[in-house]
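**Q** First the structure, which I've put down as structure tokens, then a few questions once you've had a look.
The values are calculated or read from the model by the stated rules, or taken from the named source; none is laboratory data. Note that the structure is predicted; figures quoted are calculated from it, not measured. All Cβ positions, even for glycine, are placed from backbone atoms using ideal geometry, and neighbour counts span all protein chains on display. Keep in mind that these areas ignore ligands, DNA and RNA; they rest on the heavy atoms of the full protein, side chains included. Shrake-Rupley method; radii C 1.70, N 1.55, O 1.52, S 1.80 Å.
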Amino acid sequence: MFAEVRSFNDPQQHAGSILGWRQVYDQLGRGSLSTQLQQVSSERFQIFQEVLDKRVVQHGHAPKGRLCLALVLNSACAPVVQKHEVGAHSVVLLRDGEEFLLHAPEGTHLLAVTVDTVRFAKLAALELPQQQLDLLKSASQIAVPDAALKRFQQHVYPVFQHLLHKADEVSEAAERLLEDGLIDALLDLFGSAQSESRGRHGNLAVSSYLVKKSQELARDCADEPLSVLDLCERLRVSRRTLQNSFHVVAGIPPVEYLRNLRLNAVRRRLASTSTEACGVGEAAAQMGFYHLSHFSRNYRGLFGEYPSETRRATG
């Protein structure tokens with residue numbers, strides 16, 4: 001069983017350190033990033049907790065063969081996941097390698113648990129009514145009563161904190177018992193589940209779709225950066241609609257969002273290559289930054305350091 005507690009100042013190092021997840025984190029909030037990650041991972045289950053002090057967009061795929069549940073531990077600003085704002089008493093669900101897009105505002109504090117999909121499904125089919133089973137198969141998030149949410153946290157947290165310091169003492173038999181305890185807690189939680197309220201999700205879903213498609217188009221056209229007008233033309237929406245969508249979902253204008261994605265790509269390039277293999281100017285030009293003084297100023301404004309100060313790969 002693997003356990004660790006770490007801090008990061010680079011979003012991709014944080015993302016890549018969560019075992020089993022294929023994902024990219026792009027920093028959108030300005031300033032030097034400081035994140036925290038605590039995780040426990042075994043062949044049977046995984047628990048991790050992350051704290052992000054800047055706005056970050058997360059895109060990737062959940063682990064294959066796992067059911068993942070995530071809940072927000074702070075309520076100051078709700079993340080947007082899979083086109084829906086996460087409610088105060090809601091849990092997010094990802095299934096078996098499912099693709100996800102999460103817009104995490106500054107100060108986001110998440111707790112996530114994953115268990116084996118097949119084993120959980122067999123046990124859920126024996127215990128949960130059909131309504132709850134249908135929710136588990138299709139809903140991106142489910143609402144649960146506050147009492148059930150507290151019971152779940154009261155069960156998971158002591159186990160999690162113990163394993164962070166005693167993971168090397170856990171036997172195979174004990175690991176199976178711990179897995180059973182987590183599944184019991186999940187069955188109790190989902191047994192109280194209700195379908196999410198629709199509210200303003202219709203408009204939010206449209207805004208989230210436009211932001212997601214913009215991000216995909218920007219990544220596909222990395223060699224030739226797109227303008228806001230390019231996006232409007234390809235998505236067949238007005239500038240005002242696109243602008244409003246980005247403000248609602250990402251909290252920043254589309255031009256800043258697109259620039260930040262490219263700055264994150266440069267940072268990943270610098271962190272993965274040596275100074276001899278790729279200079280700052282070359283890495284910047286590869287992502288469409290040709291005015292080095294403007295690039296350097298924007299880079300420092302986003303990450304809190306100049307590109308020349310970013311730690312490079314050795315060799």
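One line per residue, one yes/no per condition, for (1) modelled with pLDDT of 90 or more; (2) among the hydroxyl-bearing types (Ser, Thr, Tyr); (3) within 22 Å of the chain's Cα centre (by Cα):
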{"position": "Arg236", "(1), (2), (3)": "no, no, no"}
{"position": "Leu270", "(1), (2), (3)": "yes, no, no"}
{"position": "Met287", "(1), (2), (3)": "no, no, no"}
{"position": "Ser308", "(1), (2), (3)": "yes, yes, no"}
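**Q** Taking Arg236, is it among the basic types (Lys, Arg), touching a Gly at 6+ places or on another chain (Cβ under 8 Å) and within 27 Å of Leu101 (Cβ to Cβ)?
**A** For Arg236, the condition - among the basic types (Lys, Arg), touching a Gly at 6+ places or on another chain (Cβ under 8 Å) and within 27 Å of Leu101 (Cβ to Cβ) - is not met.
**Q** Cβ-Cβ distance below 6 Å, separation of 6 or more or different chains: which pairs start in the range 285-301 with a residue that is within 20 Å of Leu226 (Cα to Cα) and end on one that is buried (at least 19 other Cβ atoms within 10 Å of the Cβ) and among the charged types (D, E, K, R)?
**A** Listed by first residue and then by second, the contacts come to Met287/Arg262.
**Q** Then there is this: Could you list, in sequence order, all residues of the range 265-279 that are within 21 Å of Tyr25 (Cα to Cα) and either of a type in the set (A, V, I, L, M) or in contact with a helix residue (DSSP H, G or I) (Cβ under 7 Å, 6 or more places away or on another chain) (or both)?
**A** Ala265, Val266, Arg267, Arg268, Arg269, Leu270, Ala271, listed by residue number.
**Q** Filter the range 83-109 down to residues that are farther than 16 Å from Gly29 by Cα, open to solvent by 40 Å² or more (accessible area, probe 1.4 Å) and touching a residue at least 24 places away in the same chain (Cβ under 8 Å), then give me how many there are.
**A** Total satisfying the criteria: 7.
**Q** Could you tell me whether Gly29 is more than 13 Å from the chain's Cα centre (by Cα) and surrounded by fewer than 18 Cβ atoms within 10 Å (Cβ to Cβ)?
**A** Taking the combined requirement at face value, the residue does not satisfy it.
Quick grid of which residues meet (1) in contact with a strand residue (DSSP E or B) (Cβ under 6 Å, 6 or more places away or on another chain); (2) charged (D, E, K, R); (3) not assigned by the TED database to the domain that holds Leu136:
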| position | (1), (2), (3) |
| --- | --- |
| Val57 | yes, no, no |
| Arg66 | yes, yes, no |
| Asn74 | yes, no, no |
| Glu85 | no, yes, no |
| His89 | yes, no, no |
| Gly97 | yes, no, no |
| His103 | yes, no, no |
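**Q** Out of all the residues in the range 110-133, is one or more surrounded by 17 or more Cβ atoms within 10 Å (Cβ to Cβ), in the same structural domain as Ala70 (by the TED database) and modelled with pLDDT under 85?
**A** yes
**Q** So, one more: Looking at the range 299-311, which of its residues are crowded, with 16+ Cβ neighbours inside 10 Å and in contact with a helix residue (DSSP H, G or I) (Cβ under 6 Å, 6 or more places away or on another chain)?
**A** Tyr299, Leu302, Pro307, Thr310
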